[in-house]
Amino acid sequence: MKFSGSLSEGDKKKAWYELISVPFDGHASEKGAREGPKAIRRASQRLETFLWHRKLELSDLLYYDRGDMKLEQNHFVEGESIAEFDSARKKIFIGGDHSISYPLVKDLFEHGEVEKVIAIDAHADFRDSYKNTRFSNACVMRRIAELIGYENVIEIGVRSASAEEYALVKDKIRIYDAEMLRVKGVEGVVEEIGEGEEKTYLSIDIDVLDPSRAPGVENPEPCGMSLESLIPLIQGIIERKNVVASDVVEVNPKLDTSNGITSINAARIIFEILACYWKRDATD
């Protein structure tokens, strides 16, 4: 099953955008996120591809679902490097636990395709090591910051971290935490982030949403965002930044409700990213 609205295999060369799933949860404590891409694809079939608020038919945007990539301990298996894909096409990666973001960013960074990373997440993910690995989903943003430079990382929506993580990041990266989002509002935060043409990777951990909106995650954190706030945040970032790739991670269907609401919301977020890509490209 492909993501709803995807071009067929025969028409894939027409694609402007690519969806690529990474069904990996090798560093998660609560396994199940490897089934996330399949559940999100299935959920996408339950949603209309016509976005009412934009009066836009998504299937007209020419995107292709390439299917699964393979990771082994946060390394691409032979023949799976993103560098082999068309770099002109903006990409959306579907996880998988959040640890997938590091090898994706690393591959793009080393090929000159990414300069900055913005993460929307409930957790700082800046531990040096967690459960005997430095590549846990709890360490992913630290590995990314070490790779591309702390000054090139922005985190939004954080409402959970260890004391050690906070001591490290409070003066080293730009953080717009959950309290700042409430005080400044989404528009205020987006305005402060500002504009820029640097090639940017946008990582969205679904647990930034409140557990009432996204219960199917490994580490639910109370007092999160609503989907109604997250979507304008994504829109504002993509309008102002040159987002060349993004991911949506940490959907664990084994922990979701019977109606699959976490997967449904993840599919809707992917719809919005596609629409935002198109809107920016159409106005350039």
Working only within the range 30-53, note down all residues that are in a loop (DSSP other than H, G, I, E, B), touching a residue at least 60 places away in the same chain (Cβ under 8 Å) and farther than 23 Å from Pro103 by Cα. Arg46, Leu47, Thr49
Which condition does Asn242 not pass, out of (1) of a type outside the set (Lys, Arg); (2) closer than 21 Å to Thr49 by Cβ; (3) surrounded by fewer than 17 Cβ atoms within 10 Å (Cβ to Cβ), if it passes all the others? (2)
Select from the range 248-284 the residues that are of a type in the set (Ser, Thr, Tyr) and either buried (at least 19 other Cβ atoms within 10 Å of the Cβ) or under 12 Å from Arg41 (Cα atoms) (or both) and list them in ascending order. Thr262, Ser263, Tyr277
When you scan the range 223-231, do you find a residue that is in contact with a Pro (Cβ under 9 Å, 6 or more places away or on another chain), at pLDDT 95 or above, under 23 Å from Val153 (Cα atoms) and surrounded by 21 or more Cβ atoms within 10 Å (Cβ to Cβ), even just one? yes
Yes/no for Leu61 being touching a Leu at 6+ places or on another chain (Cβ under 9 Å), crowded, with 17+ Cβ neighbours inside 10 Å and either at pLDDT below 95 or within 26 Å of Asn259 (Cα to Cα) (or both): yes
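Kindly evaluate His27 against the criterion of being under 16 Å from Ile273 (Cα atoms), assigned to a loop (DSSP other than H, G, I, E, B) and either of a type outside the set (Ser, Thr, Tyr) or in contact (Cβ under 8 Å) with a residue 12 or more places away in the chain (or both).
No; evaluated as a whole, the condition is false for this residue.
Every residue, every condition in (1) loosely packed, with under 14 Cβ neighbours inside 10 Å; (2) closer than 25 Å to Asp256 by Cα; (3) of a type outside the set (Ser, Thr, Tyr), yes or no:
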residue: Lys38; (1), (2), (3): no, yes, yes
residue: Thr49; (1), (2), (3): no, yes, no
residue: Asp65; (1), (2), (3): no, yes, yes
residue: Gln73; (1), (2), (3): yes, no, yes
residue: Lys91; (1), (2), (3): no, no, yes
How many residues does the range 6-30 hold that are surrounded by fewer than 18 Cβ atoms within 10 Å (Cβ to Cβ) and under 16 Å from Thr262 (Cβ atoms)? 1
Matching residues in the range 135-155 (in contact with a helix residue (DSSP H, G or I) (Cβ under 7 Å, 6 or more places away or on another chain) and under 20 Å from His75 (Cβ atoms)) number 8
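The values are calculated or read from the model by the stated rules, or taken from the named source; none is laboratory data. Computed from a predicted model, the values in this text were never measured in an experiment. Glycine also receives a Cβ, built like all others from the backbone with ideal geometry; neighbour counts cover every protein chain displayed.
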